[in-house]
1. Can you report the number of residues in the stretch 111-165 which are free of Cβ contacts under 8 Å to residues at least 12 places away in the same chain and farther than 21 Å from residue 73 by Cβ?
2. Starting from the stretch 45-67, take each residue that is closer than 22 Å to residue 95 by Cβ and list its partners that are at pLDDT below 95 and surrounded by fewer than 24 Cβ atoms within 10 Å (Cβ to Cβ), counting only C-beta distances under 7 angstrom and pairs at least six apart or across chains.
3. Could you list, in sequence order, the residues of the stretch 109-155 that are small (Gly, Ala, Ser) and at pLDDT 95 or above?
4. Looking at the stretch 211-232, which of its residues are more than 17 Å from residue 157 (Cα to Cα) and either among the aromatic types (Phe, Trp, Tyr) or not in a helix (DSSP H, G or I) (or both)?
5. Taking the condition of a type outside the set (D, E, K, R), modelled with pLDDT of 90 or more and assigned to a helix (DSSP H, G or I), does residue 242 pass?
6. Which of the residues belonging to the stretch 14-42 are surrounded by fewer than 22 Cβ atoms within 10 Å (Cβ to Cβ), of a type outside the set (Gly, Ala, Ser) and modelled with pLDDT of 95 or more?
7. So for the stretch 71-88 (the condition being out of contact with any helix residue (DSSP H, G or I) (no Cβ under 8 Å at 6 or more places or on another chain), among the β-branched types (Val, Ile, Thr), in contact (Cβ under 8 Å) with a residue 60 or more places away in the chain and over 21 Å from residue 241 (Cβ atoms)), does at least one residue qualify?
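The values are calculated or read from the model by the stated rules, or taken from the named source; none is laboratory data. All figures in this text were calculated on a predicted structure; none of them were measured in a lab. Backbone-built Cβ (ideal geometry, glycine too); neighbour counts: all protein chains shown.
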Amino acid sequence: MIQNTNLRLKNKVAIVVGGGQRIGETIGNGRAVSITYAKQGAKVVVVDNNLDAAQETVHKIKENGGIGFAYQADVVVETEIAALIKYVRLNFGQIDILHNNVGISIAGGDAEVTEIKSHNFDQIIALNLKSMIFACKYVLPIMREQKFGNIINISSTAVHEDYPWVSYKVSKAGVNALTEQIAIQNAKYGIRANCIEPGLMNTPMAIDSRVEAWNDSREEIIKARDAKVPLNGKMGTAWDVANSALFLASDEAKFITGITLMVDGGVHLNVGGSGKPNT
């Protein structure tokens, strides 16, 4: 059990939606943020449609002395989201942090606008955007009653880039708009809402999905993506996203709401410069 009395999230209850991860050689954003929140004293409910993946995250939380609970849910189903929020409220008495991490692109059949299939578009929009909307729908009444709460949504710098796949880009633009709307409409209740836009990251979703979809090797994909990052010529990791989320979730950011924080090593500064899509 963590004994540090200076924990930044001491006695907080956090829900991390998408806290498991696909199989890969590195750690994903959801798992990294779950571990980070727990290290800082939060009780973390790790939500994933794959219970084994959620339980593996909880195992790693406990290895680091934290407190975590696995919960299985398909977050594109509204009734399952409602049941999740009800479960957390009944069992923990409060919900301090809702962290929406789920997202999919290439693995969901995303494509350019002239090639996208209707069912793939619907699937990606449902997971990337609809799930966040309905998680907020059910958590906001609780946070309003509490007069406090913190919502962090994971978007992507793909919103601003020459990103070729339409469903992911559109859905993440929607996440940004959703975050701003929640922030301004709920500020009077003491609720903050912020967004993080990761750039080129070395995570299973980013690398392993491309290895499976393309004929390039892992090394070739990593080398090409590293070369596009101005800061030290190297992609970020899930820990960079997790540390940014920790700041936004903590009282250190108590006067920050409605922002979109880019975590991308300066890639956004090159948008429009090279003419090459950041994939």
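1. 6
2. If the second residue must be at pLDDT below 95 and surrounded by fewer than 24 Cβ atoms within 10 Å (Cβ to Cβ), the pairs left are 66/2.
3. 118, 126, 131, 135, 149, 155 - these are the residues of the stretch 109-155 that are small (Gly, Ala, Ser) and at pLDDT 95 or above.
4. Those that are more than 17 Å from residue 157 (Cα to Cα) and either among the aromatic types (Phe, Trp, Tyr) or not in a helix (DSSP H, G or I) (or both): 214, 215, 216, 217, 232.
5. Answer is yes for this residue.
6. Of everything in the stretch 14-42, those that are surrounded by fewer than 22 Cβ atoms within 10 Å (Cβ to Cβ), of a type outside the set (Gly, Ala, Ser) and modelled with pLDDT of 95 or more turn out to be 39, 40.
7. For the stretch 71-88, residues out of contact with any helix residue (DSSP H, G or I) (no Cβ under 8 Å at 6 or more places or on another chain), among the β-branched types (Val, Ile, Thr), in contact (Cβ under 8 Å) with a residue 60 or more places away in the chain and over 21 Å from residue 241 (Cβ atoms): present.
Every residue, every condition in (1) touching a strand residue (DSSP E or B) at 6+ places or on another chain (Cβ under 7 Å); (2) surrounded by 13 or more Cβ atoms within 10 Å (Cβ to Cβ); (3) not aliphatic (A, V, I, L, M), yes or no:
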residue	(1), (2), (3)
180	no, yes, yes
226	no, yes, yes
233	no, no, yes
260	yes, yes, yes
